[in-house]
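Written out below as structure tokens is the structure these notes cover.
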Amino acid sequence: MALAIMFLDDEAEICEIYKDFLASPDIEVFTFSDPKEAIIFAGQRTLDLIFLDYRMPGTNGDKVAQSLSNPCPIFLVTGDINLETEYKFEQILSKPVDLDDLQILIEGYLKNKKSA
């Protein structure tokens, strides 16, 4: 079974970069630029990993994470390295995200899923 990953970033181009880079038979990538759509989707789908941009019009990744009921690891992506959040993220990734590092991180979760 493929690893299901959701990315939320208000910049659709960034979402497409993630999708194009990571999509494979082992990884299913879902991208959203609208936080409300992402929250609805995450509530209807079992996901393995979620990546949220911090700064978005009208909200932020911290608020979105708090509204999600999906029990998977959630990562925050931000350019603000001194950010304090209320939600306890699995990890805070610095923007711009190095795609090779992101792939290594995701492959680690994929290996864990396959061995479980």
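Here are the numbers for the structure shown:
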{"read-out": "The range 55-86: number of residues that are closer than 24 Å to E28 by Cβ and either outside any strand (DSSP E or B) or not aromatic (F, W, Y) (or both)", "value": "14"}
{"read-out": "Within the range 7-46, tally of residues that are part of a helix (DSSP H, G or I) and either in contact with a His (Cβ under 6 Å, 6 or more places away or on another chain) or free of Cβ contacts under 8 Å to residues at least 12 places away in the same chain (or both)", "value": "6"}
{"read-out": "Selection count where residues are among the polar types (S, T, N, Q), over 14 Å from the mean Cα position of the chain (by Cα) and modelled with pLDDT of 95 or more, scope the range 1-42", "value": "0"}
{"read-out": "Members of the range 80-97 that are under 15 Å from the mean Cα position of the chain (by Cα) and surrounded by 11 or more Cβ atoms within 10 Å (Cβ to Cβ)", "value": "Y87, F89, E90, Q91, I92, L93, S94, K95, V97"}
{"read-out": "Single condition I106 does not satisfy, out of (1) farther than 18 Å from D10 by Cβ; (2) in a loop (DSSP other than H, G, I, E, B); (3) at pLDDT below 95", "value": "(2)"}
{"read-out": "Of the criteria (1) small (G, A, S); (2) surrounded by fewer than 19 Cβ atoms within 10 Å (Cβ to Cβ); (3) in contact with a helix residue (DSSP H, G or I) (Cβ under 8 Å, 6 or more places away or on another chain); (4) touching a residue at least 24 places away in the same chain (Cβ under 8 Å), which one A4 fails", "value": "(3)"}
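The values are calculated or read from the model by the stated rules, or taken from the named source; none is laboratory data. Here the structure is a predicted model, which means the values were calculated and not measured. Cβ sites come from the backbone with ideal geometry, for glycine too, and all protein chains shown count toward neighbours.
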